[in-house]
Amino acid sequence: MERNQMHTQVANTRKSLFDQGYLDDQFIQLEELQDSSNPNFVEEVVTLYYRDSARFLSNLDQALEKRPLDFSKLDNLMHQFKGSSTSIGAKKVKTECTHFRNYCSARNAEGCKRTFQNVKKEYTTLRKKLEAYFQMSRQVGPVETACQAR
Amino acid sequence: MSIEYHEEDVPHVLAVDDNLIDRKLVEKLLKTSSCRVTTAENGLRALEYLGLKENQQQNHFNGKGTKVNMIITDYCMPGMTGYELLQKIKESSVLKDVPVVIMSSENIPNRINECLEKGAERFMLKPLKLSDVLKLRHQLIKCSTL
């Protein structure tokens, strides 16, 4: 009985990540690539994302300190980071990245700085939520996500 | 359903992308679509692998002696873009018939036309879906020797 409850909890947690807009369809694409030969694929990719993208964020932090701002460089850095974020289905992070790039095009320094804070906030929030979700998932064992409604 | 493949029946794809996450993803998508995958992190490495780097002797097989049935490459890469890589491949008498697919996160009609006119088989928007890659594999890759 308890096991079923735990499974339901995991399913609900997963569903809420989509309902609240943290994740999009691309995350489901990752889940579809997970199988018995690669049972932790999603978590591996997400872990790799957080490890790899940290340098983009610190480069962006540094670039935002420069005067005057090099909008072209900022845009290039963000393009990379946005790409990775899109690839794991990080919906809110991706949205903030788009805002940032729009401010770069408009050469709006304040906009860039403000949005970058949002990017970092969403990035960190998602990390916590995904870590909790993966931990929960591991405790209950494999969950069949293919049959679940979003 | 499992399919038995002999070594020579499995299409070999060279995937080129400077983004680590995307490289991992495209590799998984291709493997899940029953392809053998070699990845390269930029155009130069790809050319090296293909045996097309300047001063490399051009032969039918690349340096490792393994044939490539398809090349899939990101457009935006530092140093050499996917377009430039496509150009080099199409200029090669040995490799010009290998299908090249360009991927990009940006939907820019000029860019797409430019690549298709240069001989890219297809232009695909990132992130790639498994269904797209499966379709690609069935439509494009001929397992017979070139």
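Each pair of Cα atoms in chain A enters the Kirkwood radius, and Stokes-Einstein at 4 °C and 1.567 mPa s then converts it into a translational diffusion coefficient of 79 µm²/s.
Summarising the amide proton neighbourhood of B:Ser92: residues at separation of 5 or more, or on other chains, whose placed amide H is nearer than 5 Å comprise an empty set.
Note on the protein assembly as shown: antiparallel DSSP beta bridges, both residues inside, total approximately 10 percent of the bridges counted. Across all C-alpha atoms in the stretch B:75-133, the radius of gyration and Dmax reach 11.5, 32 Å.
Per residue, the protein assembly as shown exposes 53 Å² of accessible surface when a 1.4 Å probe is rolled over the protein heavy atoms with every protein chain present.
Largest first, the residues A:Lys121, A:Lys91, B:Lys28 sort by 1.4 Å accessible area into A:Lys121, A:Lys91, B:Lys28. In the assembled protein chains, A:Lys73 presents an accessible area of approximately 100 Å² (probe radius 1.4 Å). Here each label is just a point 7 Å from Cα along the line to Cβ, and for A:Asn76 and A:Leu48 those points are 2.5 nm apart. Per residue, chain A reaches -26000 deg cm²/dmol at 222 nm when only DSSP H runs of four or more residues are counted, each adding -39500 (n - 2.57). Evaluated at q = 0.08, 0.15 Å⁻¹, the base-10 log of the normalised Debye intensity for the protein assembly as shown, with identical point scatterers placed on the Cα atoms, takes the values -0.40, -1.20. Relative to the Cα centre, the charge distribution of chain A, modelled as +1 at Lys and Arg Cβ and -1 at Asp and Glu Cβ, gives a dipole magnitude of about 680 debye.
Gain on full extension, evaluated as 0.36 nm per residue between A:Lys15 and A:Glu65 minus their Cα-Cα distance, stands at 14.1 nm. Placing R0 at 41 angstrom, the Cβ-Cβ distance between A:His99 and B:Glu54 gives a FRET efficiency of 0.45 after rounding to 0.05.
The values are calculated or read from the model by the stated rules, or taken from the named source; none is laboratory data. Not measured: the values here are computed from a predicted model. All Cβ positions, glycine included, derive from the backbone under ideal geometry; neighbour counts span all protein chains shown. For accessibility, only protein heavy atoms count, side chains too; no ligands or nucleic acids. Shrake-Rupley method; radii C 1.70, N 1.55, O 1.52, S 1.80 Å.
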